[in-house]
Amino acid sequence: MLFVETFVASFVFSLLFSRIRVWWLGLIYGAVMLGIAGFFFHIGNWEVATLSTEGAWYLTFGLFIGMTIMLEQSDENHAWNGYTR
């Protein structure tokens, strides 16, 4: 299930934000994913410990996806520019 979630989240991030070069965009993306997950799993009923753990996990997960996609796009652009010279 984690693989499917990672694949879908990476695909959506690359479709929406692959052209924007802001490193903290992944944190916002993680917060949005937390909000979506919280909606489906009743975030109002969570304890503080659960909320902080899930918040840290989703923020880290969003940052990982965002920075990975941005690095890949940067490497592809750099390789393409080096090839055309």
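For the chain, what's the relative contact order in percent, using C-alpha pairs closer than 8 Å and at least 6 residues apart?
42
Please report the equivalent ellipsoid semi-axes of the chain, computed as sqrt(5 x eigenvalue) of the Cα gyration tensor, largest first, in whole Å.
31, 11, 9
How tilted is helix 25-40 with respect to the longest principal axis of the chain? Cα atoms for both, answer in degrees (0 to 90, nearest 10).
Between helix and principal axis, roughly 30 degrees.
Every number in this text was worked out from the coordinates using simple rules, so none of it is lab data. As the structure is a prediction and not an experimental result, all values here were calculated from the model.
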